[in-house]
Amino acid sequence: HMRVMEEMLRRTVAPVPNYETRDKSPPPPDSNSLDFMHFYRNLGREQRLVFVEILSREYGVDHRGASEMARKLVDTQSRDLATILQAEDRLRYSLTPRYRHLLNHISRVEGGVKFLVDLRADVLDFTSKVTDSPQLRDLNSTLKSLLSEWFSVGLLRLERITWQSPCELLQKISQYEAVHPVRNWTDIKRRVGPYRRCYSFTHASMPGEPLVVLHVALTQDISDNIQSIVREFTTLDAVEEVEKITTAVFYSISSTQTGLQGVELGNYLIKRVVRELQSEFPHMAQFSSLSPIPGFTSWLQGFLAQYRKEGRVTELLSEHEWTEVEEATGAASGPAALDALRALLASGDWHRSERLARALEPVLMRLCAWYLYGEKRRGYALNPVANFHLQNGATLWRLNWHADTSPRGIANSCGIMVNYRYFLQETGINSRAYLHNKVITASEQVLSLVAQFQKNSKL
Ligand SMILES: CC(C)(COP(=O)(O)OP(=O)(O)O)[C@@H](O)C(=O)NCCC(N)=O
């Protein structure tokens with residue numbers, strides 16, 4: 001197969017036109033791109049990896065040519081500006097990988113942009129799982145830079161999905177819903193019904209394909225639980241009373257194209273929807289997410305195990321809290337009580353006991369505040385949803401106990417949900433503070449929960 005692949009690449013990846021005639025040379029025939037796409041689509045996963053490795057290795061930058069241009073540029077430093085600019089442009093041209101010309105040609109044929117989105121999804125998959133080849137990383141960054149230009153916010157179209165949208169679009173929206181799964185027609189009808197909005201970004205190169213989907217609830221205050229949004233049986237044909245709409249609650253966002261990861265579509269969509277809602281409801285004053293906290297329970301299990309191993313069991317809960325846990329579980333004190341607690345958290349059973357839930361609320365709330373505010377990965381919030389909203393400039397605003405009482409909500413995050421609030425005048429400052437200085441903007445409620453955690457763990 002290698003020979004067939006190499007033959008296909010030789011035939012379809014046109015040589016780089018030389019610098020002097022680069023603007024005059026005719027583009028290669030569309031058939032080159034179409035043959036390349038057709039060949040690639042018929043390869044299995046392993047073969048695709050081999051194919052893109054050859055593409056990235058043999059059809060990248062001509063390193064010798066680039067270093068030659070670099071030397072020439074150094075030699076022209078004493079010359080006039082026009083000569084220097086010319087030498088710089090030659091160097092720039094020599095640093096363009098040969099496959100970038102191919103990717104540009106592919107983007108111009110029917111279905112080419114969608115092909116490149118899917119190609120990047122494969123490359124991301126390979127670089128994250130299989131190989132760490134620097135050339136493959138270069139191919140990924142070339143694809144990402146091209147896609148970021150083509151999918152820039154000015155070229156995206158905002159679409160509102162309603163009950164009158166085509167069935168196939170409503171079905172896609174239901175299937176893409178990654179945060180609170182849609183179970184049936186009534187579900188999706190509610191999500192696009194009264195006091196709800198559903199928006200997506202689409203792009204001319206991928207007609208009918210929602211690239212990222214945002215679900216919004218229109219309310220009178222910032223929701224503190226998801227049941228009132230996805231469960232409550234509001235009459236599906238109610239007429240919206242504008243005076244009841246002062247707040248927008250973003251309760252689900254999902255991007256649908258893996259290959260567009262890093263293009264920040266979700267961030268752009270939230271900002272665009274805020275503007276859309278402000279024009280529909282000029283008096284709208286509050287914008288916030290109601291977000292899950294995926295990973296909190298499993299993080300907590302590891303955290304408790306760590307404290308048990310270090311014999312610091314008493315530090316996590318106060319005397320009184322341990323007593324409550326021991327009485328509610330009948331466990332002995334110390335490590336045995338901690339093991340009982342971990343077993344309860346693993347099963348979610350604690351949630352059925354009113355008394356135990358009341359005893360655990362302060363403990364789990366301050367541990368969750370610490371998880372969101374204090375736990376980091378490379379300096380940024382460990383929790384991916386927190387990281388996403390904080391990058392957008394949102395404020396870590398409020399933790400909500402008993403916010404998602406579904407089995408999934410209890411299992412994933414002990415039923416706790418969080419509001420990342422968008423104070424529109426501050427998102428720019430907050431985003432820069434977070435991205436440049438890793439500063440998390442948090443509310444008094446969150447900071448006091450974090451302080452309680454820190455006080456306890458210094459006991
Ligand atoms: C949260 C999402 C929408 C952010 O996407 P986006 O703004 O495009 O960020 P990025 O992928 O460009 O970094 C995306 O990461 C996603 O779909 N996550 C899974 C569902 C969820 N909301 O956590």
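The values are calculated or read from the model by the stated rules, or taken from the named source; none is laboratory data. What you see is a predicted model; the values in this text were computed from it and never measured. Here the Cβ positions follow ideal geometry from the backbone for every residue, glycine too, while neighbour counts run over all protein chains shown. With ligands, DNA and RNA removed, areas are computed over all heavy atoms of the protein, side chains included. Shrake-Rupley method; radii C 1.70, N 1.55, O 1.52, S 1.80 Å.
Along the chain, the exposed loop sites are trypsin sites (Lys or Arg not before Pro) outside DSSP states H, G, I, E and B with at most 15 other Cβ atoms within 10 Å, and the longest stretch free of them is 232-311. Estimated from helices alone, the mean residue ellipticity of the chain at 222 nm is -16500 deg cm²/dmol (sum of -39500 (n - 2.57) over DSSP H runs with n ≥ 4, per residue).
Around the amide H of VAL61, modelled in the peptide plane, lie the amide H atoms of ARG98, all under 5 Å away and 5 or more residues distant in sequence or on another chain. Among the lysines, select those whose C-alpha is under 24 Å from the C-alpha of LYS309, and discard any that sit fewer than 8 residues away in the same chain. Leaving aside lysines fewer than 8 places away in the same chain, those within reach of LYS309 are LYS376, LYS455, LYS458. From the largest down, the stretch 371-426 spans 35, 27, 14 angstrom on the principal axes of its Cα atoms. Close amide-amide hydrogen proximity is noted between THR441 and LEU396, each under 5 Å apart and 5 or more residues distant or on a separate chain (H modeled in the peptide plane; Pro and chain starts excluded). The value of relative contact order for the chain, using C-alpha pairs under 8 Å at least six residues apart, is 11 percent. Think of the chain as having a plus end and a minus end, set by charges on the Cβ of Lys, Arg, Asp and Glu; of ALA336, THR76, GLN47, THR76 sits farthest toward the positive end of this dipole. Backbone geometry of the stretch 170-178 corresponds, through the Karplus equation with coefficients 6.51, -1.76 and 1.60 at θ = phi - 60°, to 3J(HN,Hα) couplings of 4, 5, 4, 4, 5, 5, 6, 5, 9 Hz, x marking Gly and Pro. Straight-distance candidates among the aspartates and glutamates for linking to LYS72, with alpha-carbon spacing under 17 Å and chain neighbours fewer than 8 residues away dropped: GLU20, ASP62, ASP80, GLU88, ASP89.
Here the relative contact order of the stretch 75-205, from alpha carbon pairs under 8 Å that lie six or more residues apart, stands at 22 percent. Positive-end ranking of SER318, SER353, PHE453 along the dipole of the stretch 317-459, with charges on Cβ about the Cα centre, is headed by PHE453.
Each Lys and Arg contributes +1 and each Asp and Glu -1, all at the Cβ; summed about the Cα centre of the chain, the dipole is approximately 800 debye. Scaling against 2.2 N^0.38 Å puts the C-alpha radius of gyration of the stretch 114-191 at 1.51. For the chain, with all protein chains in place and a probe radius of 1.4 Å, 52% of the accessible heavy-atom surface sits on carbon or sulfur.
Residues whose amide H comes within less than 5 Å of that of MET417, counting only those at least five positions distant or on another chain, are ASN400, ALA403, ASP404 (H built at 1.01 Å from N in the peptide plane). Residues in the chain average 49 Å² of solvent-accessible surface per residue, probe 1.4 Å, ligands and nucleic acids excluded. The separation of the stretch 257-315 from the stretch 133-206, counted between C-alpha centres, amounts to 19 Å. Computed with the Debye formula from one identical point scatterer per Cα of the chain, without solvent, the log10 of I(q)/I(0) at q = 0.06, 0.07, 0.13 Å⁻¹ comes to -0.37, -0.50, -1.19. Taking θ as phi - 60° and the Karplus parameters 6.51, -1.76 and 1.60, the scalar couplings of the stretch 401-411 work out to 6, 6, 8, 10, 8, 5, x, 5, x, 5, 5 Hz in sequence order, x denoting glycine and proline. Starting from the Cα gyration tensor of the stretch 298-353, take the square roots of the eigenvalues, sort them a ≥ b ≥ c, and report rounded, prolate or oblate (rounded when a/c is under 1.5, otherwise prolate if a/b is larger than b/c, else oblate). Oblate, since a/c reaches 1.5 and b/c is not below a/b. In sequence order, the stretch 313-318 has phi-based couplings of 3, 5, 5, 7, 10, 6 Hz under the Karplus curve 6.51 cos²θ - 1.76 cosθ + 1.60, θ = phi - 60°, and Gly or Pro positions carry x. When only alpha carbons are used to place a centre, the stretch 349-398 and the stretch 317-333 end up 23 Å from one another.
Over the stretch 293-438, what is the mean sequence separation of C-alpha contacts under 8 Å (at least six apart), divided by residue count, expressed as relative contact order in percent? RCO, the stretch 293-438: 26 percent.
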